[in-house]
Every structure is written in C-alpha cells, then in structure tokens.
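Sharing a structure with you now.
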Amino acid sequence: MGALDSTTAIVTGSSRGIGAEVAKLLAAQGAAVVVNYRQKAPRANKVVAGIEAAGGRAVAVGSDLTAQDGAQALVDAAVQNFGGLNLLVLNASGGMESGLGEDYALKLNRDAQVGMLTAALDAMPAGSRVVFVTSHQAHFINTVETMDAYEPVARSKRAGEDALREMVPALTERGISFVVVSGDMIEGTVTAALLDRAAPGAIEARRQEAGRLYTVEEFAAEIVAMATADVPTGHTEYVGGAEHFTR
C-alpha cells in the first residue's frame, strides 16, 4: 500500500523538470496523476509511459492554463479517468520565454493559478490539499531584491501567491488545505538556464552565496512530502538557502 493510494493528483506543468519528477514520485506512492503539458505531447507521454511501466497510473493532458477552459480540461480528465481529485500541485510557471507577450508572466503566474484552483474546487472534497510551488526570489521579492532578468517573473509569482492566499478562507470552509513550497534556484531547470543566459554567471553566483543549490529530484521530493505533511493551512515550506532572504 502506498502513502497516496486512493489519491488523484493534477500536477500542472509536468511534462519536464520539477513537475515531471513530482508526477513520478506521486505515482510511486500510489497516486493517480494527471500530467499536464502545454505543447510538448511526446515529453508528457514519456512521463506517463515511465509511470505506467513502474506500475503506476497517469494520463497526459494537453492544456494551456492561460487559455479559456484550459484548467477545466485537467479537472475533467481527473474525474473521467480516475473518479475525482484531491491533490492539486500548482507547479506551472514561466515568463522568461520570448514571444509570448509582455503580460504573459502575470497571466500564467497569477491569473492562471487562480483559474486552475477555481476550476478544481467543485471536484475536491474535504481533506484535499493544494500545493503552490514558488521560489525564494519570488516569495521574498517585496523585501529582498532579485536579479533584474528575473524580477518580472518574481513579482508575477508573488502576485499569484498573494491571490491564492486570499482564497484560503474559502478553501478552509470546504475543508481544503493550502501549502506553499518555496525553493532557491534549482539546478538544471529551464528557468535557471534562461536566467543564466540573460545574466551569465547568475546561477554560479547564487550557488556560491547559498553554499549549494538543490537538484530537480531533491526539490521534487520536498514538494511531494508537503502533499501529506501535517502542517497548518497557509504554511510555507522553505527549501534551501532561505537564510539569505530572512536575515
């Protein structure tokens, strides 16, 4: 018996990187997982194939969370394939990509997060949990400056976190808990690669400052731990290097 047997999870932005690893770890603990991708179906299908080969359950669903009905498609997939939904991992993030418009970061990191949770609510029974994934650079942006290239993303992610926290009283009324997982820059992610391209040496500088950076696998394990952790609603779990931001 796995710790997450009888659990159905949606993991947004899970065709690669942190989200893909979270999906795999959840499935390994018994959860049925909706793997979300925006464009790259082969990558998502590979994640699902790996989960199924290991004896788990998963389905890949293409959905742009910034588009109308994008979030509902994921909820429908969870209900139709696995009978419900009781864990929502809000991992999808972006804003440093080119060609998506000046307001894309805010649309994805704030508006789409609220839209995804709103769409999921009616399918989530009491006892369900929502996990929002963010970075220290975003979580602390109002008190600690970040790298210029990352600031628009950081501010949009903080706006998303604030908007989600405003929903906590309504979630509590439904018996749904809300947890934030905030991590330092993570080795090997797309964001880290884009940031280092925009500001060469930025990742190495942060690595030296923090002592070390977590890997994708290590950070994903911390996110999955928060799916069942005995913490109060509204809790923020800090993963790696938070001392720099709180001193």
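Note down the relative contact order for the stretch 1-80 as a percent, whole number, built from C-alpha pairs under 8 angstrom at least six residues apart.
After rounding, I find 28 percent.
Between A28 and D230, how high is the FRET efficiency from 1/(1 + (r/R0)^6) when r is the Cβ-Cβ distance and R₀ = 22 Å? Nearest 0.05.
The calculated FRET efficiency here is 0.60.
Which value at 222 nm does the chain reach when only helices count, each DSSP H run of 4 or more adding -39,500 (n - 2.57), with the total divided by all residues and rounded to the nearest 500 deg cm²/dmol?
Taken over the chain, the calculation gives -12500 deg cm²/dmol.
So how strong a dipole does the chain carry about its Cα centre when Lys and Arg Cβ are +1 and Asp and Glu Cβ are -1, to the nearest 20 debye?
So the magnitude is around 400 debye.
What percent does the relative contact order of the stretch 162-247 come to when contacts are Cα pairs within less than 8 Å and at least six residues apart?
Relative contact order comes out at 45 percent.
Could you sort 130-136, 70-76, 145-151 so that the peptide with the highest average Cβ count within 10 Å comes first and the rest follow in order?
130-136, 70-76, 145-151
Here's another thing I want to ask about it. Assuming 1.002 mPa s and 20 °C, estimate D for the stretch 1-158 with Stokes-Einstein, Rh taken as the Kirkwood radius over Cα pairs, in µm²/s.
In µm²/s, the coefficient is 135.
So, one more: At q = 0.12, 0.14, 0.15, 0.17 Å⁻¹, what is the log10 ratio I(q)/I(0) for the stretch 88-247, with the Debye formula run over Cα points and no solvent?
Scattering profile of the stretch 88-247, log10 relative to I(0): -0.51, -0.70, -0.80, -1.02.
Can I ask one more? Would you tally the net charge around E187, using a Cβ to Cβ cut-off of less than 13 Å, leaving E187 out, and scoring K and R as +1, D and E as -1?
Taking every Cβ under 13 Å from that of E187, the sum is -3.
Once the other residues with Cβ under 14 Å from the Cβ of A163 are scored (Lys, Arg +1; Asp, Glu -1), what is the net sum?
Residues close to A163 contribute a combined charge of +2.
With +1 assigned to the C-beta of every Lys and Arg and -1 to the C-beta of every Asp and Glu, and no other charges, what is the dipole magnitude of the stretch 38-121 about the Cα centre in debye, to the nearest 20?
Dipole size: approximately 320 debye.
Among the lysines, which fall within straight-line cross-link reach of K46, defined as a Cα-Cα distance under 25 Å, with same-chain neighbours fewer than 8 residues apart omitted?
Reachable lysines: K24.
Over the stretch 37-188, what is the relative contact order in whole percent, taking alpha-carbon pairs under 8 Å and six or more residues apart?
23
Please work out the C-alpha center-to-center distance from the stretch 111-144 to the stretch 26-92 and express it in whole Å.
Here the two parts' Cα centres lie 17 Å apart.
Values quoted throughout were computed directly from the atomic coordinates according to the rules given, and no laboratory measurement underlies them. It should be emphasised that the depicted structure is a prediction, and the values quoted were computed from it without experimental measurement. Backbone-built Cβ (ideal geometry, glycine too); neighbour counts: all protein chains shown.
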